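Reading through the structure tokens given below for one structure.
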Amino acid sequence: MKILNDLSFTIKEGSITGLIGPNGAGKSSFFNALFALFPSTGSIKLEDIELVGKTPNQVNHLGVCRTFQDSKLLPQMTVLENLMLSSKYSETVTLRRVFFDSKNLSEEQKNEQAQGIKLLRKVGLEKKAHILAGDLSYGQSKLIEILKLFMCDSKLILLDEPFSGLFPEMIKVITRLIYELVESGRTIIFVEHNMKLISEICDHVIVLDAGTKIAEGTFDHVRKIPAVIEAYLGD
Amino acid sequence: MDFILQVLIIIGIHSILTMSLNYVAGFTGLMSINHAAFYGMGAYATAILSTQYDWNFFLTIPVGIVIAGIVAWLVSFPMLKMKEDSFVLVSLGFAIIMFNIMQNWTDLTKGPLGIKGVQAPMLGDFSFFAKPLFLVLVIVAAALTYWFLNRILKTPYGTILKGARENETVARVNGHNVVSYQRSAFVVGAIFAAIAGAFIASFISFVNPKAFELIISVYLLIMIILGGMASLPGSILGAFIMLTSLEVLRFAGVSAEWQQILYGFILIVIMFFRPQGILGKYKI
Ligand SMILES: Nc1ncnc2c1ncn2[C@@H]1O[C@H](COP(=O)(O)OP(=O)(O)OP(=O)(O)O)[C@@H](O)[C@H]1O
Ligand SMILES: [Mg+2]
């Protein structure tokens, strides 16, 4: 079955692009295709590197990180372990190093954990570092998902509805974190249904409907396009 | 006293098995039911080299390690193509094949008759035949197993193994080549099972295929589920409780059939009331 069709666009480095469209338009599917979780044809390039045909871990290594629409924290691991899992550093820990380079290793591991704790402190969750992620509230786990993005060394970040179901105060916290990610040189594509947030945060908007792009431009531009109005208001 | 030493030695050997199985199943999430096959490979390597070629026990251990490690590495390719339930079924198939090889490759294994006369460990002229000395050796081996596995599990390497257990997609999206971590865990588990096999062969000085059949793997799984998934101390505790209760039941004159029924019952009760086991950190 084909979910996405004839979809083509370019994302500018350092921008925040909103990917919007009705339920079932194919927004999450696009993220999955980019991450090689769905088979795809065509071409998706990060700078000059082709992503189609890579495996999910290769896509990550090339500098892409993401969140999922439903929280994907690992419930039977601690909050800190969840953060560590997305750290690029963890990949450098081989069995050889565990036994033959243990001094450097434990030093590095301490630094990396301190980094995780620092992030938690920033959002006032340092007390939760050692509890199981499954014991977090919904909003807290959405927040930790965003913190994971600071641990991973990325150029491009995909956010799938990072604000859904959140209290306004938490939306502010996460918005601030997203700006921080951009300031540190990352590019962001994010999916969101709240048009007010889209208009506030995004530099650029892409509208999907039934697996195809129906409009693209600034928010004020696309909101006036008849196809978009029709897709949103229904027939 | 002699009897107690014997039980302690058996518990020590089983601790090596349960810790390594927990590394594979509890920490990494690969529900292997062929652990006894690798245990058997180590035991047969020691038994054959010791009885037919007069090799020193300590030199037979690396041979068992290499055989189990290579076989584990090879079978991991088809096995890790399978996920969860299918993995268990492929593991079952592998266990059946290995049992039949031990049973029927009579030139090598002497088949159901087994191999008698496996030597006790010797260092120069010093023999570990006496039970207190053998127990010391087993405790050293179990302690090294604990140290080795615990060391891995305390680093981010262990975090990735657990991540792969919890959600493969997330682990992959976070940049980890899940299958290669699973393969490494499976091979490491097999290696320690082979070490345990060398000890059991030398201790009872006899091996036969029945000691490595499917039900043994199932018992090992019950031990780690009882003691606690994803807990190394839990693995030792599980082996201790199961094996001492076995001796107590035997002493009380409970027949082997009733013992088995009781173990089946224990498994069901744990799954209902404490699925993470006594010291466990992970619910299946
Ligand atoms: N694994 C899958 N197999 C087959 N079809 C799928 C799969 N995942 C999604 N789809 C289909 O693809 C279409 C797009 O789904 P997708 O989840 O990408 O929508 P979305 O734009 O993210 O919607 P929402 O706003 O509801 O999250 C839907 O019709 C869905 O049924
Ligand atoms: Mg979606």
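The values are calculated or read from the model by the stated rules, or taken from the named source; none is laboratory data. Not measured: the values here are computed from a predicted model. Here the Cβ is made from the backbone with ideal geometry for all residues, glycine too, and neighbour counts use every protein chain on show. What goes into the accessible areas is simple: the full protein's heavy atoms, side chains included, and nothing from ligands, DNA or RNA. Shrake-Rupley method; radii C 1.70, N 1.55, O 1.52, S 1.80 Å.
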- Do you know which of the residues in the range A:38-57 that are more than 13 Å from ligand 2 (Cβ to nearest atom) and either touching a residue at least 60 places away in the same chain (Cβ under 8 Å) or within 14 Å of chain B (Cβ to nearest Cβ) (or both) is most open to solvent (accessible area, probe 1.4 Å)? A:47
- Query: Which one of the conditions (1) open to solvent by 10 Å² or more (accessible area, probe 1.4 Å); (2) away from chain B (no Cβ under 14 Å); (3) over 12 Å from the mean Cα position of the chain (by Cα) does residue A:115 fail to meet, given that it meets all the rest?
  - Reply: (2)
- Is it the case that residue A:159 is within 16 Å of ligand 1 (Cβ to nearest atom), within 14 Å of another protein chain (Cβ to nearest Cβ) and closer than 22 Å to residue A:64 by Cα? yes
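Got a sec? Which helices (runs of 4 or more DSSP H) wholly within the range B:1-120 have at least 3 residues that are open to solvent by 70 Å² or more (accessible area, probe 1.4 Å) and without any contact (Cβ under 8 Å) to a residue 12 or more places away in the chain?
Ranges flagged: B:57-79, B:85-104.
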- Message: Filter the range A:2-44 down to the residues that are on the phi > 0 side of the Ramachandran plot, out of contact with any Gly (no Cβ under 7 Å at 6 or more places or on another chain) and within 9 Å of ligand 1 (Cβ to nearest atom) and list them by number.
- Response: A:21, A:24
- Message: Please determine whether any residue of the range A:8-18 is within 16 Å of ligand 2 (Cβ to nearest atom) and assigned to a loop (DSSP other than H, G, I, E, B).
- Response: no
- Task: Kindly list the number of the only condition in (1) within 16 Å of ligand 2 (Cβ to nearest atom); (2) open to solvent by 30 Å² or more (accessible area, probe 1.4 Å) that fails for residue A:33.
- Result: (2)
- Which members of the range A:174-204 meet the condition of being open to solvent by 30 Å² or more (accessible area, probe 1.4 Å) and part of a loop (DSSP other than H, G, I, E, B)? A:184, A:185, A:193, A:194, A:203
- Task: Scan the range B:167-188 and report the pairs whose first residue is of a type in the set (Asp, Glu) and whose second residue is surrounded by fewer than 19 Cβ atoms within 10 Å (Cβ to Cβ), with Cβ atoms within less than 8 Å and a gap of 6+ or a chain change.
- Result: B:168/B:83
- State all residues of the range A:65-112 that are within 7 Å of chain B (Cβ to nearest Cβ), more than 21 Å from residue A:180 (Cβ to Cβ) and not hydrophobic (A, V, I, L, M, F, W, C); if no residue qualifies, say none. A:72, A:76, A:81, A:90, A:91, A:109
- Residues of the range A:112-138 classified as in contact with a strand residue (DSSP E or B) (Cβ under 8 Å, 6 or more places away or on another chain) and part of a helix (DSSP H, G or I), total: 1
- Message: Return the pair list, or none, for Cβ contacts closer than 6 Å from residues in the range B:198-210 that are under 17 Å from residue B:38 (Cα atoms) to residues that are in a strand (DSSP E or B) and aliphatic (A, V, I, L, M), at least 6 apart or on different chains.
- Response: B:201/B:207; B:207/B:115
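Would you mention how many residues in the range B:129-170 are more than 7 Å from chain A (Cβ to nearest Cβ) and closer than 24 Å to residue A:78 by Cβ?
Of the residues in that region, 12 qualify.
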